[in-house]
Amino acid sequence: MSHIDEQLTIIKRGCDELLVEAELAERIASGRPLRVKLGMDPTAPDLHLGHTVVLSKLRQFQELGHHVQFLIGDFTGMIGDPTGKNTTRPPLSREQIQENARTYREQVFKILDPQRTEILFNSEWSDKLGAAGLIRVASTYTVARMLERDDFGKRFRSNQPIAIHEFLYPLMQGYDSVAMKCDIELGGTDQKFNLLVGRELQKHYGQRPQCILTMPLLEGLDGVNKMSKSLGNYVGIDEPPGEIFGKLMSISDDLMWRYIELLSFESLATIARWRREVAEGRNPRDVKAGFAREIVARFHDAQAAQRAEAEFEARFRQGAMPEDMPEVSVAAGNQPLPIAQVLKAAGLTASTSEALRMIEQGGVRVDGERVVDKALKLAAGRAVVLQVGKRKFARVTLD
């Protein structure tokens, strides 16, 4: 296998689409480090495992010797990315953006090599454009082209409002690629339109158009919706080791493979061997525990991962929790549910009043932890083990 083929094999692992592979191979063959772009708008203060799918791919480019440009969208974040939205997204203030950007910088270096990462802010060139420059950028694209984007097209056909500033978002993301003169841009599959705009704008400004690499969107703990803090189905990379370990152990056996394929740094051969072993009778729980250790160690350290596993085993094994317990789905409607309501719906108590009484008596546990707050709410999308008294258990998923 040639040097170019080796790089392409690593780059394409786990990706959804690479446009255009022949162009990327030609750039790799040139022997110069590629300028690899990933932009993120700091619209929330924390990164979760869903973000790390593309960040880990960026780290692979670093290990291949390429130049990584991590762009914090402090300008575009104030516009608000309309991708996947059926309503206009409220813009964030400059102050909110700056505070979130600070934590992004801290957390991103848990994955990227700080010595080989260029941190950029798109306000650096976007602010300088001014009204005249913004008009010139806007003149490069038509409304018809914008309506080719799926979410804009759906809103237009259903007579839902589209604010003019929302059209500016893909344009300004594309202009970032012009300003950064990047060779390849990474993003989630939902960003494909925006990435293609960057490619077109580079052509307009006389640059060689960037290649595009899209990565799959990671499902949250519910296995249905995209991982999102607002849905409560996320695993934050800054969460305590025990929280990360416990959440990963709560995912279904089927979803486990999806997480491993997108997040594990183990070789494809090793993952294939694990699949064969499980098919031949190995307990998938063992594979899941090994994967959870890997993730905790990545964002904390190996000792923290060992402690998290030991604490998990102490709660679930030594606490005599049954391996085979009822699995119950409780309809949450994407809203957090009070613990008492969940206990009743899961059949663990006869009524909410009994549930509240059991909490007062210290007889209710969530994932092995005693519940002391009667007002506790469980987020939609979570899968938890609930215990009432010494003998009532259920693995409950809030759909």
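The values are calculated or read from the model by the stated rules, or taken from the named source; none is laboratory data. Just so you know, these numbers come straight off a predicted model, no measurement behind them. Because the Cβ atoms are built from the backbone with ideal geometry, glycine has one as well, and the counts that use them run over all protein chains shown. All accessible areas refer to the heavy atoms of the entire protein, side chains included, with ligands and DNA or RNA removed. Shrake-Rupley method; radii C 1.70, N 1.55, O 1.52, S 1.80 Å.
Ser267 to Arg285: extension gain in nm, 0.36 nm per residue of separation minus the Cα-Cα distance?
Contour length minus Cα-Cα distance gives 4.5 nm.
Just to confirm, what accessible area per residue do you get for segment 125-246 at 1.4 Å probe, in whole Å²? Each step should come with its number before you reach the end.
Details: 5230 Å² over 122 residues.
For segment 125-246, the per-residue accessible area is 43 Å².
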Query raised in the report: Residues with amide H under 5 Å of Leu34's amide H, sequence separation 5 or more or different chain, H placed in the peptide plane at 1.01 Å from N; which?
Result: His67
Report summary line: For segment 380-386, in residue order, the Karplus 3J(HN,Hα) values (coefficients 6.51, -1.76, 1.60; θ = phi - 60°; whole Hz; Gly and Pro = x) are 4, x, 7, 10, 10, 9, 10
Report summary line: Residues whose built amide H sits under 5 Å from the amide H of Asp74, excluding neighbours closer than 5 in sequence, are Asn122, Ser123
Query raised in the report: How many angstrom separate the Cα center of segment 7-64 from the Cα center of segment 245-276?
Result: 21 Å
Query raised in the report: Given H placed on each backbone N at 1.01 Å, which residues far from Gly188 in sequence or on other chains put an amide H within less than 5 Å of it?
Result: Met215
Requested in this report: Taking only Cα atoms and a 10 Å spring cutoff, compute GNM fluctuations for the chain and point out the largest among Arg116, Arg258, Arg273.
Outcome: Arg273
Requested in this report: Using only the alpha-carbon atoms of segment 283-398, report the extent along each of the three principal axes, biggest first, to the nearest angstrom.
Outcome: 43, 31, 27
**Report entry** Full-stretch length increase - Arg145, Arg32 - with 0.36 nm per residue and alpha-carbon distance subtracted
**Finding:** 37.3 nm
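A 24 angstrom limit on the alpha carbon distance is what I want to check against. Which of Lys37/Lys192; Lys110/Lys192; Lys12/Lys226 exceed it? Please report the intermediate quantities before stating the final value.
On the way: Lys37/Lys192 14 Å; Lys110/Lys192 26 Å; Lys12/Lys226 22 Å.
Those over the limit are Lys110/Lys192.
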Report task. Could you tell me how many degrees, from 0 to 90 and to the nearest 10, lie between the Cα long axis of helix 253-263 and the main elongation axis, the longest principal axis, of the Cα atoms of the chain? Result -> 30 degrees
Report summary line: Connecting every pair of Cα atoms under 10 Å apart in the chain and solving the GNM, the largest mean-square fluctuation among Leu168, Leu58, Leu134 falls on Leu134
Requested in this report: Report the calculated FRET efficiency for Ala132 and Met1 (r = Cβ-Cβ distance, R0 = 45 Å), to the nearest 0.05.
Outcome: 0.30
Query raised in the report: With each run of n ≥ 4 DSSP H residues scored as -39500 (n - 2.57), what mean residue ellipticity at 222 nm is computed for the chain after dividing by its residue count and rounding to the nearest 500 deg cm²/dmol?
Result: -14500 deg cm²/dmol
Query raised in the report: Label-point separation (nm) for Asp301 and Asp238, each offset 7 Å from Cα along Cα-to-Cβ?
Result: 2.0 nm
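What number, in nm² with one decimal, is the all-direction average of the projected area of the convex hull of the alpha-carbon atoms of the chain? Let's see the in-between values first.
Values: hull surface 89.8 nm².
Averaged projected hull area, Cα only: 22.4 nm².
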**Report entry** Overall form of segment 221-306 per C-alpha gyration tensor (a/c, 1.5; a/b vs b/c)
**Finding:** oblate
Query - Helix axis angle, 49-63 relative to the chain longest principal axis, alpha carbon, degrees - result: 50 degrees
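Going down the table (Lys288/Lys377; Lys288/Lys392; Lys57/Lys128; Lys181/Lys203), which pairs top 20 Å between alpha carbons?
Details: Lys288/Lys377 27 Å; Lys288/Lys392 25 Å; Lys57/Lys128 31 Å; Lys181/Lys203 11 Å.
Too far apart for the 20 Å limit: Lys288/Lys377; Lys288/Lys392; Lys57/Lys128.
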Report task. List the relative contact order of segment 250-367 as a percent without decimals, with contacts defined as Cα pairs under 8 Å and 6+ residues apart. Result -> 13 percent
**Report entry** Stokes-Einstein D in µm²/s, Kirkwood radius over Cα pairs - segment 229-274 at 10 °C with 1.306 mPa s viscosity
**Finding:** 133 µm²/s
Query raised in the report: GNM on the chain, C-alpha springs below 10 Å: top fluctuator among Ile119, Ile164, Ile260?
Result: Ile164
Query raised in the report: Using alpha carbon centroids, what distance separates segment 324-399 and segment 195-241, in Å?
Result: 34 Å
Query raised in the report: Between Arg94 and Lys181, 0.36 nm times their residue separation minus their Cα-Cα distance comes to what?
Result: 28.7 nm
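Normalising by the residue count of segment 135-199, find the relative contact order in percent from Cα pairs under 8 Å and 6+ residues apart. Provide the component values of the computation, followed by the final result.
Working: 38 pairs, mean separation 20.8, N = 65.
Computed value for segment 135-199: 32 percent relative contact order.
Just the number, please: carbon plus sulfur as a percent of the accessible area of the chain, 1.4 Å probe, no ligands or DNA/RNA counted. Walk me through the numbers on the way to the answer.
Working: 9380 of 18490 Å².
Roughly 51 percent of what the probe reaches on the chain is carbon or sulfur.
So how strong a dipole does segment 149-261 carry about its Cα centre when Lys and Arg Cβ are +1 and Asp and Glu Cβ are -1, to the nearest 20 debye? Present the calculation step by step, with values, prior to reporting the outcome.
Numbers: 13 positive and 16 negative charges, 131 e Å.
Result for segment 149-261 is approximately 620 debye, rounded to the nearest 20.
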**Report entry** the chain: angle of helix 268-279 to the longest principal axis, Cα-based, in degrees nearest 10
**Finding:** 30 degrees
Report task. Please identify every one of the chymotrypsin sites (Phe, Trp or Tyr not before Pro) in segment 96-163 that sits in a loop by DSSP and has no more than 15 other beta carbons within 10 Å of its own beta carbon. Result -> Phe109
Requested in this report: Tell me the label-point distance for the pair Arg391, Glu313, using the 7 Å Cα-to-Cβ offset, in nm and rounded to one decimal.
Outcome: 2.9 nm
